[in-house]
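K.L.:
Here's a structure for you.
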Amino acid sequence: MRLRKDSIGQRYRTASGSERDQSATSESGRRLSRNVICTLGPYLARYRSRFCNWGRHASVKLSLLLVGLVFLSPAALAQAPDVFKIEPPGWWANHSINPVRVLVRGKNFKGATVHAIGAGVTAGVAKVNDAGTYIFVDVRIPSQLKPGSIRLEIKTARGSIEAPFEIYAPLARAGRFQGFTSNDVIYLIMIDRFSDGDPSNDDPPQSPGMYDRSRTRYYHGGDFEGIISHLPYLKELGVTAIWLTPWYDNVNHLNEREQYPDRPGEQKRKITDYHGYGAVDFYGVEEHFGSLAKLRELVDAAHKLGIKIIQDQVANHTGPYHAWVKDPPTPTWYNGTEANHLANVWQTWSVRDPHSTPQVSRETLEGWFVDILPDLNQNDPECARYIVQNTLWWIGVTGIDAIRQDTFQYVPRTFWRQWMAAIKREYPNLNVVGEVYDGDVAHTSFFQGGRARYDGIDDRLDTLFDFPLMYPLRRAFAEGKDIRELPRILASDALYPNPSVLIPFIANHDTKRFMNEPGATIEGLKMAQTLIMTMRGTPQLYYGDEIAMEGGDDPDNRRDFPGGFPADGIDAFHTRNRTQDVVFQHQKLLAELRKELEPLRSGNLINLVAKEHQYVYARNTPTSSVLVAFNNDAKNATVQFDVSGLKVPNSGTLLDRLGNVRSARVTNRIVRFEMPARTSAILVAQ
Ligand SMILES: [Ca+2]
Ligand SMILES: [Ca+2]
Ligand SMILES: [Ca+2]
C-alpha cells in the first residue's frame with residue numbers, strides 16, 4: 001500500500017502519482033516477497049506513523065501484522081492484498097448519501113471481505129472484479145459520528161491490509177454552496193494562464209519538463225496562489241463569481257497520444273494537458289496549480305470578498321492515461337476499450353431527435369473525443385455512482401458555489417437527471433451550467449431542465465451558456481453586420497424552459513478572442529460588453545477581454561495575462577495602456593451600473609427598436625425601466641420610439657449613464673435622441 005496523507009490531512013493520494021500506481025506497487029510486492037526479514041523493518045517503519053495515529057488499538061494491530069508476516073512465505077506475501085487508492089478517501093456523517101460507495105484500487109483482492117474499524121461504521125458485502133484489482137463496498141456512517149479517521153480492513157485468505165478512511169467535519173453552510181444568480185458577474189480563468197503566484201510549482205518534481213512558456217501547449221506556471229493575489233483586481237472589475245478551468249490532477253508526463261503543432265503550420269509535437277480536461281485522478285489536484293489546501297484557501301479568500309467559485313467538472317471522459325484505461329473497475333466502465341471503441345462523430349442533433357434510434361445517437365453519446373479521450377459509461381451503475389459521489393465530494397471539501405459541466409450533450413440525460421437530483425438533495429442552492437456548444441436555440445434549449453421532453457426525460461439542468469447569442473453578437477459588433485440578428489435570436493427564448501437564467505458571453509477558452517474577429521474594433525468590443533452586461537441572465541467574461549486581449553483559435557486564445565507572470569516586466573493588473581484602460585473602465589462601469597440598477601439584473605426584456613444598425617430594448621421591473629440602445633452604424637443615427645408601458649416619465653429627459661447620448665428628451669411619450677456612431681447607451685429617468 002502506497003498511500004500518504006497530504007498536507008491538510010483531508011485525503012490520501014499515491015506517493016508516486018496515480019498514473020504510475022501499478023508499476024510502483026508491483027515493485028513493492030516484489031521487494032516484500034524477496035526477503036521477508038530484510039524488508040520487514042522498512043515496511044513497518046513506513047506504516048509506523050499511521051499505526052501510531054490509530055490510537056489505542058494500534059499496538060494490537062501491529063502485533064497481529066507482525067505475527068502474520070513472520071509465518072507467511074515470500075510467495076504468499078506476494079499474493080497478499082495491496083491497496084493503491086481509496087475513492088472517495090473520506091465522507092461525512094449526516095450526508096444525503098449514506099452508505100457511501102467506496103472504490104478500492106489495488107491487487108490480490110479475490111475473495112476479499114471488508115471490515116470497517118471505528119465507531120459504528122459498517123462495511124457491506126465487498127464486490128470484487130474478476131482481476132482482483134478493485135473492490136466496491138458500501139460504507140455506512142452513523143449519523144452522530146464525530147469527524148476523524150477510521151480504517152477499512154481488507155482481508156483475503158492470503159492476508160489483510162488496512163486502509164485509512166476519513167470522516168470529515170462538514171464545512172459551515174453559510175456563505176458556501178450558494179449558487180450564482182443574475183446578480184452575479186462570472187469571470188472565466190484558465191488557471192495555467194492567469195497568474196503565476198508560486199514559481200516553486202512551475203516544474204514540480206513529480207512532473208518535470210512540462211513547463212515552457214515559449215510553447216503554446218505547455219504549462220506556463222499559473223496557479224491558485226496567483227488567483228488569490230489578484231482577487232482584489234477582480235473585485236475592482238466588478239466580478240462576483242469565478243469559473244476556474246478544471247483542477248483535477250492531469251498526467252505527469254507529456255501527452256504522446258494527442259499531438260498538435262505548437263503554432264499553425266508547424267510540425268506536430270507532444271503536448272501537456274495544462275488545460276485540465278484530461279483527468280487521471282478525479283480526487284487529485286493538479287500539482288502545477290497547487291494543493292487541495294491552497295485551493296480551499298482560494299475558495300475561502302474569494303468568499304471573504306463576496307466572490308463565488310464555480311468548479312469546471314468533466315463527467316464525459318478521462319484523460320488517455322487514467323489507470324482505468326488499462327484496468328477498468330468494471331467491464332463496462334468505459335464505452336469500449338482503448339483498442340476497440342467508437343470515435344465521436346459529433347452528430348449532436350441525433351441526441352434530441354425524436355426520429356433517431358439508439359444506434360444512431362450511440363456514436364455521439366459513446367464515441368471517444370478526438371478518438372482518444374476514453375468515454376465514461378454513465379449507464380454503468382457503478383460508474384454513475386462514482387461520478388455522483390465525486391461531484392458531491394468536491395462540493396463538500398471545498399465549499400464551492402456552482403458547477404460548470406463540460407461536454408454536457410455527450411452524456412445520457414437519464415444520468416444527468418440522477419446527478420442533478422443528488423446535487424440538489426444535498427446542496428439545494430448550488431446550481432449547474434452545462435456546456436452545449438451550439439448556435440441553434442432549438443438545440444441548446446433542449447438540454448435545459450424544467451420540462452420533460454419527447455422522451456419523458458427532464459434532465460433538471462439549471463442553465464446553459466448562451467452560445468446562440470454569441471455568434472450574432474460577434475457578427476454584429478465585430479463585423480458590423482445586421483444587428484437585427486440579436487432580437488431575432490432572442491425571439492426564440494420561449495423555447496427555453498427558463499431563459500431568464502441563461503449566461504450570455506462574448507468569448508471563452510474555446511473561441512477565438514473577439515478582437516481577432518474580422519472587423520473587430522475597441523468600439524465594437526465595448527458594445528458587445530454593454531450587450532452581455534445588460535442582457536437577461538448572468539453575464540460571463542473571459543479573462544483578458546477586459547483589456548482587449550487578442551488571440552486566434554485554441555491555444556492562441558489562451559495567452560498569458562500580461563502582468564500575471566512577473567518575469568515579463570509588465571503589469572496590466574495595475575498599469576494599463578490607454579486602449580486597455582478604456583475597455584477596462586467601460587467593463588467596470590457596466591458592472592457598477594448592473595449592480596445599481598435592478599432592472600438590468602432582474603427585469604423583463606422588451607424589444608423597442610430593431611433596425612439594421614440600431615437596436616433598443618428595455619429591462620423592466622414593476623417599478624422602474626432601464627433602456628439600452630445601440631447604434632452599430634459607422635455614422636450617427638437618430639433614434640426615436642414610444643415609451644408607453646415603460647416606467648419612465650411621459651415627458652422630461654433621460655440620462656445616458658454611459659455618457660454617449662447627450663440629450664434624450666421624452667415628449668408626449670415619444671423619446672428621441674442622437675447616437676454617435678458605434679456606441680451604446682444605458683438610459684435612465686433623471
Ligand atoms: Ca506556478
Ligand atoms: Ca499532474
Ligand atoms: Ca459520452
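The values are calculated or read from the model by the stated rules, or taken from the named source; none is laboratory data. Quick caveat, the model's predicted, so the values are computed rather than measured. A quick note on method: Cβ atoms are made from the backbone with ideal geometry, for glycine too, and the neighbour counts reach across all protein chains shown.
K.L.:
What's the number of the only condition in (1) closer than 24 Å to residue 84 by Cβ; (2) in contact with a Pro (Cβ under 9 Å, 6 or more places away or on another chain) that residue 169 fails to meet?
P.N.:
Result: residue 169 fails condition (1) only.
K.L.:
Is one or more of the residues making up segment 567-590 small (Gly, Ala, Ser), at positive phi, within 25 Å of the chain's Cα centre (by Cα) and not in a helix (DSSP H, G or I)?
P.N.:
no
K.L.:
Right, something else. Quick one: which of 343, 279, 315 is away from ligand 1 (no atom under 16 Å from the Cβ) and touching an Asp or Glu at 6+ places or on another chain (Cβ under 6 Å)?
P.N.:
Just one listed residue meets the conditions, 343.
K.L.:
Give the residue that is farthest from ligand 2 (Cβ to nearest atom), with candidates limited to residues of segment 199-230 that are under 17 Å from residue 298 (Cβ atoms) and touching a Phe, Trp or Tyr at 6+ places or on another chain (Cβ under 8 Å).
P.N.:
My answer is 230.
K.L.:
Which one of 389, 378, 418 is within 14 Å of ligand 3 (Cβ to nearest atom), polar (S, T, N, Q), modelled with pLDDT of 95 or more and over 15 Å from the mean Cα position of the chain (by Cα)?
P.N.:
378
K.L.:
Next question, about the same structure. Identify, please: which residue in segment 164-187 is among the hydrophobic types (A, V, I, L, M, F, W, C) and out of contact with any Asp or Glu (no Cβ under 8 Å at 6 or more places or on another chain) and is, among those, farthest from residue 309 (Cα to Cα)? Break it down stepwise before answering.
P.N.:
Step one: of segment 164-187, the residues among the hydrophobic types (A, V, I, L, M, F, W, C) are 165, 167, 169, 171-172, 174, 177, 180, 185-186.
Okay, now just the ones that are also out of contact with any Asp or Glu (no Cβ under 8 Å at 6 or more places or on another chain), so 165, 167, 169, 171-172, 174, 185-186.
Values: 165: 27, 167: 24, 169: 21, 171: 15, 172: 16, 174: 14, 185: 11, 186: 9 Å.
Applying the filter and picking the extreme gives 165.
K.L.:
Out of all the residues in segment 501-522, which are part of a helix (DSSP H, G or I) and either without any contact (Cβ under 8 Å) to a residue 24 or more places away in the chain or in contact with a Ser or Thr (Cβ under 7 Å, 6 or more places away or on another chain) (or both)?
P.N.:
501, 522
K.L.:
Check whether at least one residue in segment 316-338 is without any contact (Cβ under 8 Å) to a residue 40 or more places away in the chain, within 16 Å of ligand 3 (Cβ to nearest atom) and crowded, with 16+ Cβ neighbours inside 10 Å, and report yes or no.
P.N.:
yes
K.L.:
Give me the pairs, please: first residue somewhere in segment 247-265 and among the hydroxyl-bearing types (Ser, Thr, Tyr), second residue anywhere and within 16 Å of ligand 1 (Cβ to nearest atom), beta-carbon distance under 8 Å, and either six or more positions apart or on two chains.
P.N.:
Qualifying pairs under 8 Å: 248/276; 248/285; 248/286.
K.L.:
Still on this structure, please answer the following. Of everything in segment 374-413 that's outside any helix (DSSP H, G or I) and β-branched (Val, Ile, Thr), which residue is farthest from ligand 1 (Cβ to nearest atom)?
P.N.:
Among those that are outside any helix (DSSP H, G or I) and β-branched (Val, Ile, Thr), it is 411.
K.L.:
Out of (1) of a type in the set (Lys, Arg); (2) within 16 Å of ligand 1 (Cβ to nearest atom); (3) over 29 Å from residue 184 (Cβ atoms), what's the single condition that is false for residue 294?
P.N.:
Result: residue 294 fails condition (3) only.
K.L.:
Restricting segment 415-432 to residues that are over 25 Å from residue 170 (Cβ atoms) and either among the aliphatic types (A, V, I, L, M) or touching an Asp or Glu at 6+ places or on another chain (Cβ under 8 Å) (or both), which is surrounded by the fewest Cβ atoms within 10 Å (Cβ to Cβ)? Write out each step before concluding.
P.N.:
Residues of segment 415-432 over 25 Å from residue 170 (Cβ atoms): 415-417.
From what is left, the residues that are either among the aliphatic types (A, V, I, L, M) or touching an Asp or Glu at 6+ places or on another chain (Cβ under 8 Å) (or both) are 416-417.
Working: 416: 24, 417: 17.
The extreme case among them is 417.
K.L.:
Given the conditions (1) more than 12 Å from ligand 3 (Cβ to nearest atom); (2) in a helix (DSSP H, G or I), which single one is not true for residue 364?
P.N.:
Here residue 364 clears every test but (1).
K.L.:
I'd like to check something: does segment 160-172 contain any residue that is crowded, with 19+ Cβ neighbours inside 10 Å, away from ligand 3 (no atom under 16 Å from the Cβ), assigned to a loop (DSSP other than H, G, I, E, B) and at pLDDT 95 or above?
P.N.:
No, the conditions are met nowhere in segment 160-172.
K.L.:
Of everything in segment 278-303 that's of a type in the set (Asp, Glu) and touching a Ser or Thr at 6+ places or on another chain (Cβ under 8 Å), which residue is farthest from ligand 2 (Cβ to nearest atom)?
P.N.:
Per the stated criteria, the residue is 281.
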